[in-house]
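First up is the structure itself, then whatever we jot down about it.
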Amino acid sequence: MKKQAEEWITLADKDLYAAEIMFKEDYSLTNIVAFHCQQAIEKYFKAFLIENDAPLIRTHDLIKLNGMIKEIKAIIIKQKI
C-alpha cells in the first residue's frame, strides 16, 4: 500500500475511534460524532483514490468522492473481463 494512502487510513481510524468514544460517553454529542464519521469516510475514500492513482481533489463532498470511486471500480471490473 502507498505510504500516503496509509497515512489517510491512520487519520480516518483516529476519527472513527474519536466518534466511538464520544458516542459511548455522551449521547448528546451526536452532531460531533456525525462530523467525525463523515471525516473518517472522507479519508477512507481519499485513501482508496490515492491507492488507485486517481487525482486527489480538495473536497468534503462524499457523493462526489463516491462517484470517483465508482468510476475507478468500473474500470477495474472491465480490466478483469
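Derived scalar couplings between HN and Hα for the stretch 58-75 equal 8, 7, 10, 7, 5, 5, 5, 4, 4, x, 5, 5, 4, 4, 5, 4, 5, 5 Hz in order, rounded to whole Hz, by the Karplus curve 6.51 cos²θ - 1.76 cosθ + 1.60 (θ = phi - 60°), x for Gly and Pro.
A full extension of the chain between Gln38 and Ile75 corresponds to an added length of 10.7 nm, given 0.36 nm per residue minus the alpha carbon distance. Take each peptide in 44-52, 56-64, 21-29, count the other Cβ atoms within 10 Å of every residue, and average; sorted highest first, the result is 44-52, 21-29, 56-64.
When the Cα atoms of the chain are aligned to their principal axes, the ranges along those axes come out at 49, 25, 25 Å in descending order.
The angle separating the long axis of helix 30-51 from the principal Cα axis of greatest extent in the chain is about 20 degrees.
With contributions of -39500 (n - 2.57) from each DSSP H run of at least four residues, the per-residue ellipticity at 222 nm computed over the chain stands at -27500 deg cm²/dmol.
Mean separation of Cα pairs under 8 Å and 6 or more residues apart, divided by the residue count, gives the stretch 3-80 a relative contact order of 31 percent.
Going toward the positive end of the dipole of the chain, with +1 on Lys and Arg Cβ and -1 on Asp and Glu Cβ, which of Asn66, Ser28, Leu16 do you reach last? Toward the positive end, the furthest listed residue is Asn66. For the chain, take the longest principal axis of its alpha carbons; what is the angle in degrees between that and the long axis of helix 3-25, to the nearest 10 within 0 to 90? That helix lies at roughly 30 degrees to the long axis.
Residue separation of Asn31 and Tyr17 scaled by 0.36 nm, minus their Cα-Cα distance, works out to 3.5 nm of gained length.
Throughout, read-outs are computed from the coordinates displayed, never taken from laboratory work. Predicted model only: the values in this text are computed from it and were never measured. Positions of Cβ are backbone-derived with ideal geometry, glycine not excepted, and every protein chain shown enters the neighbour counts.
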